[in-house]
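Student: Take a look at this one; I'll ask things after.
The values are calculated or read from the model by the stated rules, or taken from the named source; none is laboratory data. The shown structure was predicted, so the numbers you read here are calculated from the model rather than taken from an experiment. Every residue, glycine among them, receives a Cβ derived from its backbone with ideal geometry; neighbour counts consider all protein chains shown. To get the accessible areas, we keep the full protein, side chains included, count just its heavy atoms, and leave off ligands, DNA and RNA. Shrake-Rupley method; radii C 1.70, N 1.55, O 1.52, S 1.80 Å.
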Amino acid sequence: MRFEKDTDSEHISTHFDVELEQIKSHLMAMGGLVEQQLADALAALAKRDNQLAEKAQKSDKQINQMEMTIDDECIRIIACRQPAASDLRLVVAISKATRDLERIGDETCRIARYAKKMLEEDISVEGGTEARHIGRDVSEMVRNSLIAFARYDAELAYQVAREDFKIDKEYKFAMRALVTNMMEDPRYIASSMNIIWILRSLERIGDHACNISNHLIYLVKGINVSHSSLEQIKETVRE
């Protein structure tokens with residue numbers, strides 16, 4: 001009788017592990033779609049490609065649906081399995097990371113919308129170099145935050161957080177340059193305003209990628225670093 005009980009417990013535990021791996025797999029799939037959406041939006045801006053911009057916008061509906069599905073799965077696991085310790089942290093971290101991915105999708109959709117607007121109104125991409133440069137760095141942040149989550153790599157997650165500080169500085173520098181261009185030559189106002197909004201969305205995407213990395217650090221280390229300084233995050237990861 002004891003053997004049967006242990007077998008049942010082992011079966012339940014194995015099934016629970018499968019469920020945890022499943023929601024993690026769904027998170028990675030959602031992350032891959034968000035990465036592609038961002039790549040399409042940035043390519044639409046660089047190549048002035050209306051079809052790529054529309055593709056990026058259409059992806060948002062699927063991303064939203066994936067967020068709701070994963071959220072439902074996380075709620076069901078908490079309600080039915082009542083996970084504890086590291087298992088609970090995993091479910092919570094996935095739930096939070098999913099929300100950040102959905103918000104990255106929203107910001108990417110805005111980038112695509114402004115790329116279409118500039119194309120439809122035949123506005124030159126003044127300041128596009130800054131947007132492409134920051135867009136490339138932010139895309140790398142998103143990719144690395146997902147890799148860190150997949151590998152439980154707290155050190156890579158810290159590198160993403162460090163990159164976010166760099167992005168914030170580049171964003172402020174680019175904003176000052178665009179404002180200066182508008183003041184010196186009013187012809188650049190239309191294009192500069194669109195790029196300003198695109199840069200704002202890119203900066204926010206960087207913030208959400210940093211959040212995903214922070215969720216991973218919480219998962220691995222059991223410490224919430226959301227409001228920690230970069231030095232404090234470094235100490236948490238390497239202690």
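Student: Any idea how far apart F165 and V92 come out in nm if each label point goes 7 Å out from Cα toward Cβ?
Tutor: 2.6 nm
Student: Run the numbers on the range 33-76 and let me know its relative contact order in percent, using alpha-carbon pairs under 8 Å that are six or more apart. Kindly include the intermediate steps, with their values, before the conclusion.
Tutor: Numbers: 22 pairs, mean separation 15.0, N = 44.
Value for the range 33-76: 34 percent.
Student: Can I ask one more? Could you give the dipole magnitude of the chain about its Cα centre, charging the beta-carbon of Lys and Arg +1 and that of Asp and Glu -1, in debye to the nearest 20?
Tutor: Details: 33 positive and 41 negative charges, 83 e Å.
That gives the chain a dipole magnitude of about 400 debye.
Student: Let me ask something else about it. Between beta-carbons, use under 13 Å as the cut-off and find the net charge around F165, counting Lys and Arg +1, Asp and Glu -1.
Tutor: Numbers: positive: R162, K166, K169, K172, K234; negative: D137, E163, D164, D168, E170, E203, D207, E231.
Taking every Cβ under 13 Å from that of F165, the sum is -3.
Student: I would also like to ask the following. First measure r as the distance between the Cβ atoms of K234 and R132, then evaluate 1/(1 + (r/R0)^6) with R0 = 25 Å and state the FRET efficiency to the nearest 0.05. Walk me through the intermediate numbers first.
Tutor: On the way: r = 30 Å, r/R0 = 1.19.
In this case the efficiency is close to 0.25.
Student: Once you keep just the Cα pairs under 8 angstrom separated by 6 or more residues, what percentage relative contact order results for the range 152-239? The partial results should precede the final answer.
Tutor: On the way: 63 pairs, mean separation 37.7, N = 88.
Normalised by residue count, the contact order of the range 152-239 is 43 percent.
Student: Go ahead and set up a Gaussian network model of the chain, Cα springs under 10 Å, then flag whichever of N181, N194, N214 fluctuates most.
Tutor: Of N181, N194, N214, the Gaussian network model singles out N181 as fluctuating most.
Student: Past 30 Å, Cα to Cα, is the threshold; run K172/K234; K61/K96; K47/K172; K55/K96; K172/K221; K58/K169 against it and keep the listed order.
Tutor: Numbers: K172/K234 24 Å; K61/K96 19 Å; K47/K172 25 Å; K55/K96 26 Å; K172/K221 32 Å; K58/K169 32 Å.
Table pairs above 30 Å Cα-Cα are K172/K221; K58/K169.
Student: Mind telling me which of L101, L216, L33 comes out most flexible in a GNM of the chain, alpha-carbon contacts under 10 Å?
Tutor: Among L101, L216, L33, the largest mean-square fluctuation in the Gaussian network model of the chain belongs to L33.
Student: Along the positive direction of the dipole of the chain (beta-carbon charges: Lys, Arg +1; Asp, Glu -1; about the Cα centre), which of I77, G32, I104 reaches farthest?
Tutor: Highest projection toward the positive end goes to I104.
Student: Classify the range 30-178 as rounded, prolate or oblate from the Cα gyration tensor: take a ≥ b ≥ c as the square roots of its eigenvalues, call it rounded if a/c is under 1.5, otherwise prolate when a/b beats b/c and oblate if not. Let's see the in-between values first.
Tutor: Details: a/c = 3.14, a/b = 1.65, b/c = 1.91.
Oblate is the answer for the range 30-178, as a/c is 1.5 or above yet b/c matches or exceeds a/b.
Student: Still on this structure, I have one more. What accessible area per residue comes out for the range 118-208, rounded to a whole number of Å², with a 1.4 Å probe?
Tutor: Working: 4590 Å² over 91 residues.
In whole numbers, the range 118-208 has 50 Å² accessible per residue.
Student: Still on this structure: Using only alpha carbon pairs under 8 Å that are at least six residues apart, calculate the relative contact order of the chain and give it in whole percent. It would help to have the intermediate numbers written out before the result.
Tutor: On the way: 291 pairs, mean separation 56.5, N = 239.
Once divided by the residue count of the chain, the mean separation gives 24 percent.
Student: Sticking with this one: On the accessible surface of the chain, probed at 1.4 Å, how many percent belong to carbon and sulfur atoms? Mind dumping the intermediate values first?
Tutor: Numbers: 6420 of 12500 Å².
Ligands and nucleic acids excluded, carbon and sulfur give 51 percent.
Student: How far is it, in nm, from the label point at I223 to the one at D122 when both lie 7 Å from their Cα along the line to the Cβ?
Tutor: Once both label points are built, they end up 5.9 nm from each other.
Student: According to the square roots a ≥ b ≥ c of the eigenvalues of the Cα gyration tensor, what is the shape class of the range 104-239, taking rounded for a/c under 1.5, prolate for a/b larger than b/c otherwise, and oblate for the remainder? Can you show the working numbers first?
Tutor: On the way: a/c = 3.54, a/b = 2.24, b/c = 1.58.
In terms of gyration-tensor shape, prolate.
Student: With runs of 4+ DSSP H residues as the only contributors, calculate the mean residue ellipticity of the chain at 222 nm using -39,500 (n - 2.57) per run, divided by the residue total and rounded to the nearest 500. Numbers along the way, then the final one.
Tutor: Numbers: 7 runs with 211 residues, N = 239.
The per-residue figure over the chain is -32000 deg cm²/dmol.
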